[in-house]
Amino acid sequence: MSINQQRATQIAQVLTEALPYIQRFSGKTLVIKYGGNAMTDDALKNSFARDVVLLKAVGINPVIVHGGGPQIGALLEKIGKQSEFINGMRVTDRETMDIVEMVLGGQVNKSIVNLINSHGGRAVGLTGKDGSLIFAEKMQFSAGDPTLNASEVIDLGHVGKVSSIDTGVIDMLINSDFIPVIAPVGVGKDGESYNINADLVAGKIAEVLQAEKLILLTNTPGLLDADGTLLTGLNARQVNDLIEQGVIYGGMLPKIGCALDAVQAGVTSAHIIDGRVQHAVLLEMFTDEGVGTLIRGGGR
Ligand SMILES: Nc1ncnc2c1ncn2[C@@H]1O[C@H](COP(=O)(O)OP(=O)(O)O)[C@@H](O)[C@H]1O
Ligand SMILES: CC(=O)N[C@@H](CCC(=O)OP(=O)(O)O)C(=O)O
């Protein structure tokens, strides 16, 4: 077989393998959390944007929720402010909240929108304030958090958790063939802005949209065990054991928590995958092997 024929056969095999997945997921909603750590270089950013445009072109409805933790950290550092994290949440005073809103709602959101549009997609950027999308309330860590003493309550400032989501604006955009790109800033009853961990927003949006999949793109191959080996699939009980053993910590805590909540609230599957691998989303969606860690419901 000539090289051209071999290549043609390979391309045909890949497309054929993708066909049943395209048929299965066409018309379904897919929530993708695009973490700040996965936005490292231009080649990766472009491959992400192309994946999103391709998904839309084959009839799948991607909804992007993005982070931007490292980008917020970089601007805070420029103005001489240290970032402090507790259980993966950035302690957010008034001044930090202004920076968070500026970086997430401005710089990061618009660069993702621009990137998708430059690849032929039709993306629209939103924060949780637009269309009253994300209502938030103040988050506090207290008793019940396994890493704290029962009496300890920690004030994280303007850190919020999602209290409700109004999907009106998302539905409208999806129905008009736009791709919503959402920054994780919520608004409280009092009109205050809240900084919400992007994983938590992605999980809740996947829940209320009853998405087919929640994909969390990050900077590890997936969930790793104590020896650094990839765990390809696990349930709530196994996750809880790993948290107790200290194998899951920091930014992985909200990620795994929201993945579990999502699958237990009706999202068919949640996946933690390596955003540093080009076309990771397509590999997860359209190949038999899949990539990263699959979180299943049950076992809690
Ligand atoms: N068991 C684990 N497996 C993989 N990563 C873990 C684990 N426990 C904690 N982590 C940490 O979680 C990080 C991912 O969370 P985070 O930094 O918040 O990423 P993102 O910005 O993509 O949301 C990893 O880089 C790793 O340092
Ligand atoms: C409360 C809280 O920690 N909010 C996050 C929001 C951004 C985010 O989640 O970004 P990544 O997904 O890139 O980590 C923060 O301030 O960094």
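The values are calculated or read from the model by the stated rules, or taken from the named source; none is laboratory data. Values in this document were obtained by computation on a predicted structure and should not be read as measured data. Quick reminder, even Gly has a Cβ in these numbers, built from the backbone with ideal geometry, and neighbours come from all protein chains shown. Ligands, DNA and RNA are excluded from the accessible area calculation, which covers all protein heavy atoms including side chains. Shrake-Rupley method; radii C 1.70, N 1.55, O 1.52, S 1.80 Å.
What accessible area per residue comes out for segment 28-296, rounded to a whole number of Å², with a 1.4 Å probe?
Roughly 42 Å² per residue, with all protein chains present.
Taking the Cβ of residue 220 as the centre, find all other residues whose Cβ is under 15 Å away and add up their charges (Lys, Arg: +1; Asp, Glu: -1).
-2
What distance in nm separates the two pseudo spin-label positions at residue 102 and residue 232, each 7 Å out from Cα along the beta-carbon direction?
In this crude spin-label approximation the distance works out to 4.7 nm.
Which listed residue (211, 125, 175) has the Cα farthest towards the positive end of the charge dipole for segment 28-296, taking +1 on Lys and Arg C-beta and -1 on Asp and Glu C-beta about the Cα centre?
Farthest along the dipole direction, towards plus: 175.
May I ask for the equivalent-ellipsoid semi-axes of segment 7-137, computed as the square root of five times each C-alpha gyration tensor eigenvalue and listed largest first in whole Å?
Result for segment 7-137: semi-axes of 34, 17, 13 Å.
Going by accessible area, probe 1.4 Å, with all protein chains left in place, what is the ranking of 100, 247, largest first?
Highest to lowest solvent-accessible surface, that is 247, 100.
Reachable lysines from residue 110, Cα under 20 Å, same-chain residues fewer than 8 places away excluded?
Reachable lysines: 33, 45, 56, 129.
Let's see if you can work this out: charge +1 on each Lys and Arg Cβ, -1 on each Asp and Glu Cβ, no other charges. What is the dipole magnitude of segment 193-266 about its Cα centre, in debye to the nearest 20?
Here segment 193-266 has a charge dipole of around 180 debye.
Expressed as a whole percentage, what fraction of the accessible surface of segment 155-300 belongs to carbon and sulfur atoms when a 1.4 Å probe is rolled over the protein heavy atoms?
Heavy-atom surface of segment 155-300 belonging to carbon and sulfur, 1.4 Å probe: 48 percent.
With each pseudo-label sitting 7 Å past Cα toward Cβ, what's the residue 190-residue 75 distance in nm, one decimal?
The modelled label-to-label distance comes out at 2.3 nm.
Using the crude model of +1 on Lys and Arg Cβ and -1 on Asp and Glu Cβ, and no other charge, please compute the dipole size for segment 28-296 relative to its Cα centre, in debye to 20.
Its charge dipole is roughly 560 debye.
Build a GNM of the chain with springs between Cα atoms under 10 Å: which of 262, 18, 136 gets the top mean-square fluctuation?
18
Please report the antiparallel percentage of DSSP beta bridges with both residues in the chain, rounded to the nearest 5.
35 percent
Among 240, 285, 83, flag the residue with its Cα farthest along the positive direction of the charge dipole of the chain, charges on Cβ as +1 for Lys/Arg and -1 for Asp/Glu.
Farthest towards the positive end: 285.
Quickly estimate the mean residue ellipticity at 222 nm for the chain, helices only: each DSSP H run with n ≥ 4 gives -39500 (n - 2.57), and the total goes over all residues, rounded to 500.
Estimated from H runs of four or more residues: -12000 deg cm²/dmol.
Over segment 28-296, consider all pairs of different Cα atoms and compute the Kirkwood hydrodynamic radius from their mean reciprocal separation; express it in Å, one decimal.
18.5 Å
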